[in-house]
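Heads up, the thing below is written out as structure tokens.
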Amino acid sequence: MSTPTTGAAGFIVFLLMLISVRLVVSISEGDILDVSETLKDLKIRDLSSSVSKLEDRIFALLLLRPAGGEKTGLERQTRQGLEERVQALEEFMQAVNQREGPRVCERGMGNNVTTQYPPYLILSDSTIEKDILCDTHTDGGGWIIIQRRTKGDVDFYRDWAAYREGFGSLTGDFWFGNDAIHNLTTQGAHEVRVDLRIDGQEVFAYSTRFLVRNEGNAYRMSLGSTSGTAGALGLWFSNDMKFSTFDRDNDPLPDFNCAKHHQGAGWFAKCHKNNINGIWGEKSSNGVSWSDGRSWKFPNFTEMKIRRVNSQI
Ligand SMILES: [Ca+2]
């Protein structure tokens, strides 16, 4: 028979198993994720601390049990307190699960909506609360759009702080914000896609992996293998580069500021094969431009979007 105490102890073991699984996941991704800074790990530490306290209470409860197994008032009181804490922990665990990772743009969620984009959704954690625009139709949907140029009415030649926070409007042109992009891409593996319209033709570039580190690492970006009808070079050329703006030169060219020279912002190398944050309408490498390695193209529509890989996990 299971007593309330053994039931509670079983639940603790279950929680410890969950925590173990989460830690294993974190460690296996440790080579690419700055794990200590992820919100998930902060929550795990909170959870771990709560479990430790509960373990102490269980131990105290066992010590209090008289030799004959008689239940004392103090024991009952302690058990009651313990059960309340287990319940609180259960609720906390639920909250962690609900808030962990982007659950907002899921594959298939657009099947029953008639508009191209559903109502905006909120990503919220202790530091960031933003509206999110989901692309529900491209390649099965489930994409969070992080960059969009459609009209040219928003100035994209902005400074580091603007790109950190994001700007523009989800109903038009916008940059989602580097802190939010970092936050999303470190909560689970993400793929990335850039959709472009060039001379009336829709083309795209894609990579199996997209990770953006934190501001302390200048939002350095890593890709997986790349492909796509737009020519993957435009994307691949930025692999492992830091983010640069006109006021924060993080490109690898000494004595040259790519962002300032090309009047854009992004993961410049020496300097770029895409400048989708460049000047709208300008037909040069300072404009909204993309190279497939053979020639420069000038899209009049761009959308950069990310999707969590294995989004059900
Ligand atoms: Ca430089």
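Residue under question is S238, and the condition is that it be in the same structural domain as R164 (by TED's automatic domain parsing), within 11 Å of the ligand (Cβ to nearest atom) and among the hydroxyl-bearing types (S, T, Y); does it hold? Criteria not met by S238. Of all the residues that make up segment 275-297, how many are touching a Ser or Thr at 6+ places or on another chain (Cβ under 7 Å) and within 21 Å of F176 (Cα to Cα)? So the answer is 4. Just wondering, is there one or more residues in segment 215-229 that are closer than 17 Å to D155 by Cα and either acidic (D, E) or in contact with a strand residue (DSSP E or B) (Cβ under 9 Å, 6 or more places away or on another chain) (or both)? Looking through segment 215-229, none of the residues is closer than 17 Å to D155 by Cα and either acidic (D, E) or in contact with a strand residue (DSSP E or B) (Cβ under 9 Å, 6 or more places away or on another chain) (or both).
Restricting the first member to segment 223-234 and to residues that are within 20 Å of V309 (Cα to Cα), and the second to residues that are of a type in the set (D, E) and crowded, with 18+ Cβ neighbours inside 10 Å, the beta-carbon pairs closer than 8 Å and six or more apart or on different chains are G224/E191.
With respect to (1) under 19 Å from the mean Cα position of the chain (by Cα); (2) buried (at least 21 other Cβ atoms within 10 Å of the Cβ), the lone exception for F156 is condition (1).
Any residue at all in segment 256-266 that is assigned to a strand (DSSP E or B) and either within 16 Å of the ligand (Cβ to nearest atom) or outside the structural domain of G142 (by TED's automatic domain parsing) (or both)? Scanning segment 256-266, I find at least one residue that is assigned to a strand (DSSP E or B) and either within 16 Å of the ligand (Cβ to nearest atom) or outside the structural domain of G142 (by TED's automatic domain parsing) (or both), so the answer is yes. Here segment 242-253 is the region considered, the condition is being more than 6 Å from the ligand (Cβ to nearest atom) and assigned to a loop (DSSP other than H, G, I, E, B), and the residue that is surrounded by the most Cβ atoms within 10 Å (Cβ to Cβ) is F243.
The values are calculated or read from the model by the stated rules, or taken from the named source; none is laboratory data. As the structure is a computational prediction, the values presented were derived from the model and not from experiment. Here the Cβ is made from the backbone with ideal geometry for all residues, glycine too, and neighbour counts use every protein chain on show.
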